[in-house]
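In what follows, a single structure is set out as structure tokens and then discussed.
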Amino acid sequence: MTVPCLQPTEAQAVALLSRGIEGPVVMLNLLRFRGVADYTATPLLAPDEPISGSAAFDLYVDATRPHLERSGGTILFSGAGGPFFIGPEAEQWDRAMLIRQASVQAFIGWATDEAYLDGIGHRTAALLDSRLLPLVPDGVTLASD
């Protein structure tokens, strides 16, 4: 089993910025939820009754969507996952999302905004594991090319 990934490392942040992506970027999110959300780290955000990880993630989306849209971002797709058709049989993701941002800089600005960070505890409570893959349209020249 792989180590759960919930936040980028400093090296991953530096690598993203060093790619030199100009223009829009789409973030592919793969999400695996807890059966019951764990609000241990952010008890002030916890609902009165226990909720599922999926429900906690929905609270995160509701809390952060205005900040995402203000930064020029939008949710292009959000849907239920499941087992891969082509991929490791033991690996499964509960939800996949595609989030479009105007630029990497806009994404970083959104992800570090204090108002956005106020609701991130719902994400932490919701997730067992995640992946975030920046996608760049074909034909875009990158600094790493």
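Counting other Cβ atoms within 10 Å of each Cβ, which chymotrypsin sites (Phe, Trp or Tyr not before Pro) in region 5-106 have at most 13 and sit in a DSSP loop? Provide the component values of the computation, followed by the final result.
Working: sites: Phe33, Tyr39, Phe57, Tyr60, Phe77, Phe84, Phe85, Trp93; in loops: Tyr39, Phe84, Phe85.
Taking region 5-106 and a limit of 13 other Cβ atoms within 10 Å, the loop chymotrypsin sites (Phe, Trp or Tyr not before Pro) found are Phe84, Phe85.
Within a Cβ distance under 12 Å of Thr42, other residues only, what is the Lys/Arg minus Asp/Glu net charge? Could you put the intermediate results ahead of the total?
Details: positive: Arg123; negative: Asp38, Asp118.
Around Thr42, the surrounding residues sum to -1.
Give me the tail of P(r) for the chain as a percent: Cα-Cα pairs with distance above 24 Å. The partial results should precede the final answer.
Numbers: 3657 of 10440 pairs.
Distances greater than 24 Å cover 35 percent of the Cα pairs.
Output the relative contact order of region 39-145, whole-number percent, from Cα pairs under 8 angstrom with separation of 6+ residues.
Answer for region 39-145 is 36 percent.
With point charges of +1 on the Cβ of Lys and Arg and -1 on the Cβ of Asp and Glu, referenced to the Cα centre of the chain, which listed residue (Leu16, Pro4, Ala37) lies farthest in the positive direction of the dipole?
Most positive-ward Cα: Leu16.
Taking the Cα centre of the chain as the origin, how large is its charge dipole in debye, to the nearest 20, when only Lys and Arg (+1) and Asp and Glu (-1) carry charge on their Cβ atoms?
Dipole about the Cα centre, nearest 20: 180 debye.
Please report, ordered by residue number, every helix of the chain (full DSSP H runs) that is 18 Å or longer along its axis going by C-alpha atoms and whose mean Kyte-Doolittle hydropathy reaches -0.5. Don't skip to the end; give the middle numbers.
On the way: long enough: 53-70 (26 Å, -0.42).
Length and hydropathy pass: 53-70.
Å³ per residue of the Cα convex hull, for region 1-71?
Spread over its residues, the Cα hull of region 1-71 gives 144 Å³ apiece.
Nearest 500 deg cm²/dmol is fine: what mean residue ellipticity at 222 nm does the chain get from its DSSP H runs of n ≥ 4 alone, each adding -39,500 (n - 2.57), divided by its residue count?
Here the helix-only value at 222 nm equals -9000 deg cm²/dmol.
Throughout, read-outs are computed from the coordinates displayed, never taken from laboratory work. Predicted, not measured: the structure shown is a model, and the values here were computed from it. Glycine gets a Cβ as well: all are built from the backbone with ideal geometry, and neighbour counts include every protein chain shown.
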